[in-house]
Amino acid sequence: MENSPTRIFPPAPAPKPDEEESLDVWGFRDTHFEILNNGSVRLTGSRYSLCGQELPSLLPWVSEVMKVPVRADDVHPPAYPTPIPEALAHPQFLAELRKIFAEDQLSQDPKVRLRHGHGHTQEEMFAIKYGKIGRIPDLVVFPTEEGQVAALVEAALRYEACLIPFGGGTSVTEALRCPENEARFIVSVDMRRMNRILWIDPVN
């Protein structure tokens, strides 16, 4: 072991194409239930052991538990995305952030902002498909290292901006919900690019 490096620096994990999440429902884009012509239900995708199997008892079971009939033709098409609020302007703050982050680490894309402004509670899922989300982040930032996070916090303090950390995005505690009356510039800090082990000590 005397010739081994003091530390091992593993590369960042490559994103998998089947890990892309669905924007308007809870789960992954490749996985959903589909109703077949014979009334059975099938789970698409390949990540779960049930994927590809027909589930003939699922709809009758749901109807019995919910005490309502469930029909394949009774569909209420969603209107996703519902109206998305305009982002507030803060040119001085944005100019400061562009000194810290690359362009692909900053996003004011409406759908990206919308996704970072809600979690996966039933109320929020209904709102983004059939209603309206009132207040969402004005900017989404994707830091890749600790120094960027520290610089972002310092800049937010100077320019009186709000920061909301974003992890997996389920937010069943409604931690991602922005206060309706918040007049300050809101930044969602998406931490998912900080997804690697920096180094490993092979001896310890």
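No lab work stands behind these numbers, since they all come straight from the coordinates. Everything numeric in this text was worked out from a predicted model, so none of it was measured. Positions of Cβ are generated from backbone atoms using ideal geometry, with glycine treated the same way; all protein chains shown enter the neighbour counts.
Overview of results
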| item | result |
| --- | --- |
| Radius of gyration and Dmax over the Cα atoms of segment 48-116, both given in Å | 22.3, 59 |
| Exposed-loop-free span, longest in the chain, where chymotrypsin sites (Phe, Trp or Tyr not before Pro) count as exposed if DSSP calls them loop and at most 15 other C-beta atoms lie within 10 Å | 49-198 |
| Taking only Cα atoms of segment 34-149, radius of gyration then Dmax in Å | 20.8, 60 |
| Loop-located trypsin sites (Lys or Arg not before Pro) in segment 30-84, at most 11 other Cβ atoms within 10 Å (DSSP) | Lys67, Arg71 |
| Coordinate range along principal axes, alpha carbons of segment 91-190, Å, largest first | 39, 26, 22 |
| Segment 113-137-segment 143-204 distance, computed between alpha-carbon centres (Å) | 19 |
| Hydrodynamic radius by Kirkwood, which averages 1/r over all alpha carbon pairs of the chain, in angstrom | 20.2 |
| Total formal charge among the other residues, if their Cβ is under 11 angstrom from that of Met194, Lys/Arg +1 and Asp/Glu -1 | 0 |
| Glu145-Arg29 FRET efficiency (beta carbon distance; Förster radius 30 Å; 0.05 resolution) | 0.60 |
| Whichever aspartates and glutamates have a C-alpha closer than 13 Å to that of Lys129, once near sequence neighbours (fewer than 8 apart) are set aside | Asp24 |
| Low-density loop positions, GluC sites (Glu not before Pro), segment 15-69 - DSSP coil, at most 15 other Cβ in 10 Å | Glu20 |
